[in-house]
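Here's the structure, in C-alpha cells; my notes come after.
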Amino acid sequence: MKALIKRLKQKFNISDPMYQRDNEVFITVKKEDAVSFITHMNKVEGFTHLVLLTAVDWLEDGKFQLTYLLNNNMEKMDVGVQVFLDREQAEMESIHHLWKQAPTYQRELKEMFGIDFPGSPRIDEPFILEGWQEIPPYRRDFDTKAYTEETYFPRPGRKTHDPAEYMKQKLYPEE
Amino acid sequence: MADINKYRDKFPDKNPDGTNIIDMESQKFIKIWQGPQHPGITGNMSLELIMQGDEVLECKTHVGYLHRGFEKLMERRLFIQNFPLCVRIAVPEPDFNEYCYAATLEELAGIKIPDAAEWMRTLILEMSRLTSFLMHLGGQAGAFGLGVVAQWSNYVRDLMLDRFEEISGGRIYRMHMPPGGVRGLTPDGFEARMEETLRTIESTMRDIDKTMFDNAIFKRRTVGLGYIDPAMVDEYGVTGPNARAAGIPKDVRKDYPYLKYPELDFDVITATESDVYTRTVLRREEILLSVDLIRQIMVKMPKSGEYMAKMPNVLHWKIPKGETYIRAECTRGEYGYYTVTDGSGYPRRVNVRGPSYTHAVALMERLAIDCNIADTAGLMLSLHTYPPEIER
C-alpha cells in the first residue's frame, strides 16, 4: 500500500493518506483531477472493482464529499477516493465510461443529494422517488420528521413514546 | 454472449449511436411490466420490458416500492437505536446488516469483541447464508414450474429458523449482534438439534437433486440462459455466486477474512459455464458448504465465556471522527457498510452496499436483452436479488 501511495504522489496532487487499516486508505483528490485519477487507478493500478459511490453532506462547511471506493482484488486493497464539491455548485464529471453500474449510483446521487453528473445516461430519470417536489431528501437540511408531520396527519389514538427515555429506564434504571 | 445484433441488423431500425428506434405507435412492439406485484419478480420491483414478439428488446429496472429511507433515518438516531433498524434492509438475510453495522462502529470506536462472540457471529452469519440459499433455491425452481422444490426447501429453512429462535428468540429478525458482541451463546442441547437439522437438509438436498438438477425440462430451459461473460464481472460490479459461476474466485470470506473464517477449512467454489443452470448448481454446492462450515463451527466454538465487550453508556456513546468500510460475503455477494462518524452521538452517514444494487439494475438490464419472455423470471431469480438493499 505504501509503495502505491508513493507512486500516486509522484503522478497526482493528492492529500496525505488516512490509513483506516493496512489494506484500506482514504485519499482526497481535487475535483478537476478526480476522474483522471480514478481512470488511472482502474486502468493502470488494477483497481477494477467499483465497490460503491456515495456522498456525505457536510452542511456546516457548505461541502458535499463524494466517496468512490475502489478495490483491487488481486492485491486485496481498498482506496477510498474523496472529492469535495461546493454545495451550491454540486456538479461532478461522470465516470459512466469506466463502469456500467456507475450511472445507477450517479442517478441516485442526483435524486437524493441533488449532485449533477452531466452526460451520465438517464441521469434525469427518477430512480427511487416519483414526483418529488421538495429539496433532495438525503441533504442534511431536509427534515424527515417535519416533512412527515406536515404531509401525513396523525392517526387518532396513537401515542408516541420517547425511545431514549424508555431505553434509559430499561438499560440504566439507577441513573 | 450471443451477438445481440446478429438477427436484428435490419429490424428494428437503429439510431446512429446503435440504440433501437422504438415507435410504440407502430404496433410492432409491446410493452410489458413484470412487477411490482408479480410471481416472477423478486420482492417488490418491476421490469419494464419492450418486446418484439416474445423476445425482449429493451429492459429497464424500476425500484422505489420499498423505499423507507433507512440511511437517512440512521443519521437521526443514536448508534444503538440503529441496531434494530438496520436489519430491516434485507428480510431473508438480515444478519449481515447487524454484523457490518456493528463491525464498522467497533472499528471506529476501537472496541475488540470477545472470542466467543466472534464464533457466535460466524455461526449466525453461516446459518443465515444457509436459510437464504434455501429460500432462493425454492424461488429459482418455482420460476421454472417446480413448485414442489419450493415447498421442500422452505420446510427445511423453517427448521433452521427454529434454531435461530432457540438462540435469539427471533425467527426472521434475529437482532443478536449489537455493537460490542452478541446477546448470548447457544442453549443447552443446541448442538444435537442443529445436527439433526443439518441431516434433514442434506437428505432434502438429495431429493432436490433428483427433482430439479436431474430434471430434463429444468436443464433444457436453464442451460445457456443468462450467460455472464467473465469480462463483465468487474465492468458491472458483479460479486458472489454470480461472479464465481463465471470462473472468478471472488469470496470475501477468503479474500478479506473476517471473524473466525480463517480458522475454518473450505475452498472457494467456482464454475465456468456462467449460465442460469451453473449458478443454481453452484448455489447448491454453497448450501452443502454452509452445512459443513456450521458443523466445523459447532465443534470449534466455545460453549461458555464472555460474549459482550465492556461498552460505554450507549445512550451517551460518542464515536470519534472517522470513516471505514466493512464487507462480508452474503449469499448474493459482497455486502458492506460504509460508515462516517463526526465525533457526535449519531452517525454522519451510513451507506449500505448491497450486491443487488448492481445485479438487478445494470446487469439485469443487459442480460434481459434477447431473452424470451418466458425466461425473464428465471433469469431474474438466477441473479438472486433483494430489492430493499437497492433502495435502502
Within the stretch A:102-115, can one find any residue that is within 12 Å of another protein chain (Cβ to nearest Cβ), outside any helix (DSSP H, G or I), crowded, with 21+ Cβ neighbours inside 10 Å and in contact (Cβ under 8 Å) with a residue 24 or more places away in the chain?
-> no
Just checking, which of A:93, A:75 is touching a residue at least 24 places away in the same chain (Cβ under 8 Å), surrounded by fewer than 18 Cβ atoms within 10 Å (Cβ to Cβ), within 11 Å of another protein chain (Cβ to nearest Cβ) and part of a loop (DSSP other than H, G, I, E, B)?
-> A:75
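Hand me the list of helices (runs of 4 or more DSSP H) wholly inside the stretch B:238-357 holding 2 or more residues that are basic (Lys, Arg), in contact with a helix residue (DSSP H, G or I) (Cβ under 9 Å, 6 or more places away or on another chain) and over 27 Å from residue B:114 (Cβ atoms).
On the way: elements: B:241-244, B:252-255, B:276-300.
Filter on the stretch B:238-357 gives B:276-300.
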Members of the stretch B:195-209 that are within 10 Å of residue B:291 (Cα to Cα) and in contact with a helix residue (DSSP H, G or I) (Cβ under 8 Å, 6 or more places away or on another chain) | B:195, B:197, B:198, B:201, B:202
Considering the stretch B:275-309 alone, what residues qualify as being charged (D, E, K, R) and either touching a residue at least 60 places away in the same chain (Cβ under 8 Å) or surrounded by 19 or more Cβ atoms within 10 Å (Cβ to Cβ) (or both)?
-> B:275, B:279, B:283, B:284, B:286, B:295, B:300, B:303, B:306
In the list A:137, A:173, which residue meets the criterion of being more than 10 Å from every other protein chain (Cβ to nearest Cβ) and either exposed (fewer than 13 other Cβ atoms within 10 Å of the Cβ) or in a loop (DSSP other than H, G, I, E, B) (or both)?
-> A:173
Close pairs (7 angstrom Cβ cut-off, 6 or more residues apart or separate chains): on the phi < 0 side of the Ramachandran plot and facing chain B (nearest Cβ under 7 Å) in the stretch A:46-57, in a loop (DSSP other than H, G, I, E, B) and not charged (D, E, K, R) anywhere = A:49/A:73; A:49/B:237; A:50/A:99; A:50/A:101; A:50/B:237
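Any idea which residue in the stretch B:319-355 is nearest to residue A:52 (Cα to Cα), counting only those that are of a type in the set (A, V, I, L, M, F, W, C) and more than 7 Å from chain A (Cβ to nearest Cβ)? Break it down stepwise before answering.
Within the stretch B:319-355, the subset of a type in the set (A, V, I, L, M, F, W, C) is B:319, B:326, B:328, B:330, B:340, B:350, B:352.
Filter again for more than 7 Å from chain A (Cβ to nearest Cβ), leaving B:319, B:326, B:328, B:330, B:350, B:352.
Numbers: B:319: 23, B:326: 12, B:328: 14, B:330: 16, B:350: 12, B:352: 9 Å.
By that ranking, first place goes to B:352.
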Scan of the stretch A:8-35 for residues that are surrounded by fewer than 14 Cβ atoms within 10 Å (Cβ to Cβ), assigned to a helix (DSSP H, G or I) and free of Cβ contacts under 8 Å to residues at least 12 places away in the same chain, ordered by number = A:10, A:32
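If you check B:239, B:197, B:211, B:204, which single one turns out to be touching a residue at least 40 places away in the same chain (Cβ under 8 Å) and touching a strand residue (DSSP E or B) at 6+ places or on another chain (Cβ under 9 Å)? Lay out the reasoning, then the answer.
Numbers: B:197 fails: touching a strand residue (DSSP E or B) at 6+ places or on another chain (Cβ under 9 Å); B:211 fails: touching a strand residue (DSSP E or B) at 6+ places or on another chain (Cβ under 9 Å); B:204 fails: touching a strand residue (DSSP E or B) at 6+ places or on another chain (Cβ under 9 Å).
After applying the criteria, what remains is B:239.
Those residues that are at the interface with chain B (Cβ under 9 Å from one of its Cβ atoms) and out of contact with any Gly (no Cβ under 9 Å at 6 or more places or on another chain), I need them from the stretch A:118-134; list them, please.
The first filter runs over the stretch A:118-134 and keeps only residues at the interface with chain B (Cβ under 9 Å from one of its Cβ atoms), leaving A:122, A:125-130.
Matches in the stretch A:118-134: A:122, A:125.
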Selection over the stretch A:140-168 where residues are in a loop (DSSP other than H, G, I, E, B) and either at the interface with chain B (Cβ under 10 Å from one of its Cβ atoms) or in contact (Cβ under 8 Å) with a residue 40 or more places away in the chain (or both) yields a count of 4
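Read-outs: derived from the displayed coordinates by stated rules, not from any lab. These numbers come from a predicted model, not from an experiment. Don't worry about glycine lacking a Cβ; one is built from the backbone with ideal geometry, like all the others, and counts go over all protein chains shown.
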